[in-house]
1. Over all directions, the average projected area of the alpha-carbon convex hull for the chain comes to how many nm²?
2. Output needed: percent of Cα pairs per 5 Å distance bin for region 367-423, bins running from 0 to the one holding the longest distance.
3. Which percent of the accessible area of the chain is formed by carbon and sulfur heavy atoms (probe 1.4 angstrom)?
4. For a Förster distance of 22 Å, can you work out the FRET efficiency between the beta-carbons of residue 5 and residue 34, rounded to the nearest 0.05?
5. If you bin the C-alpha pair distances of region 330-448 every 10 Å from 0, what whole percents do you get?
6. Can you give me the pair-distance distribution of region 90-149, C-alpha pairs, 10 Å bins, whole percents?
7. What would the Debye equation give as log₁₀ I(q)/I(0) for region 272-369 at q = 0.12 Å⁻¹, counting only Cα atoms as equal point scatterers?
8. With N set to the residue count of region 405-448, report its C-alpha Rg divided by 2.2 N^0.38 Å to two decimal places.
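The values are calculated or read from the model by the stated rules, or taken from the named source; none is laboratory data. This structure is a prediction, so every number in the text was calculated from the model and none was measured. Counting neighbours? That spans all protein chains shown, and the Cβs are built from the backbone with ideal geometry, glycine included. SASA here: full protein model, heavy atoms, side chains in, ligands and nucleic acids out. Shrake-Rupley method; radii C 1.70, N 1.55, O 1.52, S 1.80 Å.
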Amino acid sequence: MSYLSLSDKDKAEMLARTGAGSIDDLFGCIPEAVRLKRPLDLPPGESELELVRTIEALGRKNAGAGRLSFLGGGAYDHFIPTVVDYLSSRGEFISPYTPYQPEVSQGTLQAIFEFQTLVCQLTGLDIANDSLYDGSTGAAEAVLMAQRVTGRNKVVVAGSVHPQYRDVIRTYIRNLGIEAVEVGPGPDGRVDRQALAGLLDDRTAAVVCQSPNFFGVIEDLKALSEAAHAVKALSVAVVAEALSLGLLEAPGKLGADIVTGEAQSFGLPVSFGGPYLGFMACRKDFLRQMPGRITGQTVDKEGRRGFVLTLSTREQHIRRERATSNICSNEALCALRATIFLETLGKQGLREMAWQNAQKAAYAADRLTAVKGVKRRFTGPVFNEFVIELAKPWAAVDAGLREKGIVGGFGLEAAYPGLGSAALVCVTELRTKDEIDRLARTIQEVLS
């Protein structure tokens, strides 16, 4: 916790710098009638120890505090090395508001350039932007980008794309004359390719799928990309669990033309809904249609290496209504944390963390499906999430688990009404064997 001193001497120096003779002079522009003339109605100050205890007590009131969680579905609880918090909180990274002035923002610009480079390496594509707001807006921006590139007004979106991402896509295109049709999954949880073939035509701008998809199943991106390219449409791959890129083949190498998604898994805690970190990469041919900022490497007039925002004529602050997107900023601090996280782990460390996720999820799937009344819903390969179907409605099972301090998964009934007895279970590297065994034992107790 930072301590900011404000002594009488500090106040006097600040007043002298502003030219005010007193605090009343400083606020003299505020009409007398609306000034507060009494102390704020707040409890008296506490010592640091008392304050820490107060905050901890408040934290324990959170409904999920202390519960063993197997939640995923777009937000993932991963280990964050301490160095990420330390380096990202240094003042030189926090104080620059905007990198528009490269002469005072080289550190920020270099960090963003490295973020772009890492995204290109993970996605297997040529160009990446500075970041987007989150994975859902990244998916929507990819749809708009595909429409601009192809001049077509229809997109085929997999029903296994995150339900909230699909909601955001529909919101973005509602008044733009773009039609979105959905294709459901087959028995293995992957996109039904036969149904997809029946939806593709010469009006299709893109096929949008997520891998691993919302059911945790890894899609056959190569086959889906080939299907899209057969009708001269783009292949858009959405990645909600970015850690999977540490283990799975890069989507760009499997034919995806645009890869976008959510990078919260890279050094950002699950924190009651945010902040999140969208990313996007594409083939070089589509550079001029990419939304958001792009940072480039250059040299100054003396030949020294430097970094600047580049190709800004695509952007909202220059082209207004003709810009590629309304986005006029980026998630700079979140991108900085992701960059530190990835560069701390390195290729081997990231792969090892991803491997632990896959192995623990496989163990959990075996343990849970060994319980009478529990089975896997889909047969396709998974990374760190999978869907189980139970002999009782999930709502009843979930209530029983929560009574015993466990959040066992994400119920699918609200987003997929036909899956009322199914739940999405996520197992990250943070879950231990004992915790997975405890989940299996407790589900068995609840079902019996």
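1. 27.9 nm²
2. Cα pair-distance distribution for region 367-423, in percent: 4, 19, 28, 28, 16, 4, 0.
3. Details: 12110 of 22710 Å².
Summing carbon and sulfur atoms, their accessible area is 53 percent of the total for the chain.
4. For R0 = 22 Å, the calculated efficiency reads 0.15.
5. 13, 38, 27, 17, 4, 0
6. 20, 39, 32, 9, 0
7. -0.66
8. Normalised by 2.2 N^0.38 Å, the Cα Rg of region 405-448 equals 1.29.
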